[in-house]
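Structure first, commentary second.
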Amino acid sequence: MNAIEMKNISKNFDGLKAIDNLSLDIPENSVFAILGPNGAGKTTVINILSTLLKPDKGTVKILGFDIMKESKKVRELIGLTGQYACVDEALTAKQNLLVFGQLLGLSRKEAKIRGNELLKEFNLEDAANKPIQKFSGGMRRRLDLAVSLIDRPKLIFLDEPTTGLDPRTRNQMWSTIKNLVKKGSTVLLTTQYLEEADQLSDEIVIMDKGKIIAKGTAESLKKEYKAKNLDEVFLKITGDRTDGKNNNYEELTIVKEVV
Amino acid sequence: MFLKTIKESLIIFERNFLKMMKTPEQLMDTLIFPIVFLLMFTYIFGGAISGSTANYLPIVIPGILVFCVLNTAGASGTNLKEDIETGIFNRFKSMPISRIAPLVGALICDSIRFVISILVTFTLAIIMGFWPSSGFIGILLALIFAVFCGWCISWIFAFIGLIMRTSGSVQGISFVIIMPLMFISNALVPVDTMPKVLEIIAKINPVTHMVSAVKDLFIGSIFSQEIFISLIFMIVVVIVFAPLTLKVYMKKQL
Ligand SMILES: Nc1ncnc2c1ncn2[C@@H]1O[C@H](COP(=O)(O)OP(=O)(O)OP(=O)(O)O)[C@@H](O)[C@H]1O
Ligand SMILES: [Mg+2]
């Protein structure tokens, strides 16, 4: 079975085609990456798939359930880590995990146990009783991911999980993601780092202006576009646009040097 | 289903409560205005308005309590919007929980906010030498009445909180709504010294009826017409704004 089946999805924002007749199947137990420049529509796709946003047109099935008609069931199966951290600033890491664990149907005690497990897994034990306000960006990101994994979802959406993380934390995040897949989950992530898509994902789609403009494995894309690496593929497809994306490439080269 | 919603609302209430306790300055912010007004009007204008500070207290304190209620209700709208701006509602929305629970949890927590801010204001009033003739029962009823009004009115500001773009604009709008309602009423001065037009407006103003109702409770007349009018008004507010708020909340992409 496919984890995700999108058919002819469109979404307009006041006349702007954020998603333009997009169809996509994502197989179970894989890592799937959506690549694209700013404004390509990556977050919009994730928001539609995670039932936050209604598409104007089209249908989506998540693990066999329709996102519109069976949204409740879908929400039981998915975990979402949004582009911007969604944890409670005023609360501590422990309290956050406790609140969300209980909301997911765990008893107070179970939520505590599960929370401690996750704190350990994500190296947050030392900061467990600190308010999130005092967390670094990377810690916040990790806590955010930990919260989305409380009930061990089968399908996990990660919207730019490593943006703004230092190379070491990014590597940690990567191994966490690989672990999730090993345990049988499906991961759909968006990223602006081609390196990341190359490293992690089984399959890649490149989006621009709400459309899929290329799809395949990292290898097949390199072959098809006669490029040495994904950077080149990306540049060849999206053209030489300079709306701030250069920053990402610079950052990327630095990362490569460090890693 | 219903039980599940209640359980989830209570969990979110706990979260809001923890948050409120961790950020006492937020509560202080809503109290500063009423307290400054109480001190300023009593000690600067009180003598001029009522002959002496002591004579002025029974006039101004019901007014300040109502002001405190309105201000806290306005702040609850702002808080709701701030909460939405953090994106936490997106997480709630992506979870298999009742859609309404986060809103209900927030409203339960608001009730506590009302109790705290009214108790603080009233305590200050007692320290300043105010003691109503109705005694303990009257005080209790007056304070419960104030909390109830606050809770009803917070639906209006929750609605504003949901439709405005930023929490800053919610705060701005609340201020623009509350201030004229306060000044063109009997909350701070007797209305019969106002120009005719203002006097008429002041007499229609629901704030005037609420203030009069609190005054009545403070002198022990529990079955006054003013209380009746205020309660009707509050019920109308809830009947109009609760469904509106819920509708916007359920529909909106938060
Ligand atoms: N709520 C909204 N209202 C209006 N326009 C929106 C809204 N959300 C997104 N858009 C627009 O839709 C387009 C796609 O946005 P989206 O956030 O999906 O891009 P993205 O690929 O995630 O970009 P980024 O890399 O910057 O996160 C953009 O042009 C954006 O301005
Ligand atoms: Mg995005």
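The values are calculated or read from the model by the stated rules, or taken from the named source; none is laboratory data. The structure displayed is predicted, hence computed values, not measured ones. Cβ coordinates were reconstructed from backbone atoms using ideal geometry, including for glycine residues, and neighbour counts include every protein chain displayed. We work out accessible area using only protein heavy atoms, side chains counted, and drop any ligands, DNA or RNA first. Shrake-Rupley method; radii C 1.70, N 1.55, O 1.52, S 1.80 Å.
Listed values, structure above:
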read-out	value
Additional length obtainable on full extension of the chain from B:Ile201 to B:Ser52, 0.36 nm per residue less Cα span	50.9 nm
Virtual paramagnetic centre 7 Å along Cα→Cβ of A:Asp25, amide N under 16 Å, in region A:47-85	A:59-65
Carbon and sulfur %, accessible surface of chain B computed with the full protein complex present, 1.4 Å	77
Net charge dipole size for region B:2-253 [Lys, Arg +1 and Asp, Glu -1 on Cβ; Debye, nearest 20]	920
Trypsin sites (Lys or Arg not before Pro) restricted to DSSP loop in region A:1-82 with at most 14 other C-beta within 10 Å	A:Lys69
Two-site FRET efficiency, A:Trp174 against B:Val36, from Cβ-Cβ distance with R₀ of 56 Å, rounded to 0.05	0.55
Note, ³J(HN,Hα) from phi for region B:139-146, Karplus 6.51, -1.76, 1.60, rounded to Hz, x at Gly and Pro	4, 4, 4, 4, 5, 5, 4, 5
Estimated dipole of chain A in Debye, rounded to 20 [Cβ of Lys and Arg +1, of Asp and Glu -1, Cα centre]	640
Gyration tensor verdict on region A:1-95 (Cα atoms; rounded if a/c is under 1.5, prolate if a/b is larger than b/c, oblate otherwise)	oblate
Charge dipole magnitude, Cβ of K and R +1, D and E -1 - region A:164-233, Cα centre, debye nearest 20	160
Cα gyration tensor, region B:172-243 - rounded (a/c under 1.5), prolate or oblate	oblate
The protein assembly as shown: calculated mean residue ellipticity at 222 nm from DSSP helix runs of at least 4, using -39500 (n - 2.57)	-19500 deg cm²/dmol
Highest-MSF residue in chain A out of A:Ala128, A:Ala146, A:Ala33 [GNM, Cα springs under 10 Å]	A:Ala128
Estimated FRET transfer efficiency (B:Phe183, B:Ile139; beta-carbon r; R0 35 Å; 0.05)	0.85
B:Thr123-B:Thr23 pseudo-label distance in nm [points 7 Å out on the Cα-to-Cβ vector]	2.3
Cβ-based charge dipole, chain B, positive-most Cα from B:Val236, B:Ala48, B:Gly135	B:Val236
Three-way shape call for chain A based on the alpha-carbon gyration tensor, with the a/c threshold at 1.5	oblate
Loss of accessible area when A meets B, both sides summed, Å² nearest 100, probe 1.4 Å	2400
Lys/Arg +1, Asp/Glu -1 at C-beta; the protein assembly as shown dipole; positive extreme among B:Met164, B:Leu10, A:Ile4	A:Ile4
Net charge over other residues, Cβ less than 10 angstrom from the Cβ of B:Lys19 (K, R count +1; D, E count -1)	-2
Overall dimensions of region B:2-253 as given by Cα atoms, namely Rg and Dmax in Å	18.7, 62
Heavy-atom surface of region B:2-253, accessible at 1.4 Å and reported per residue (Å²)	44
Nearest-ten-degree value, helix B:24-40 long axis tilted from longest Cα axis of chain B	20
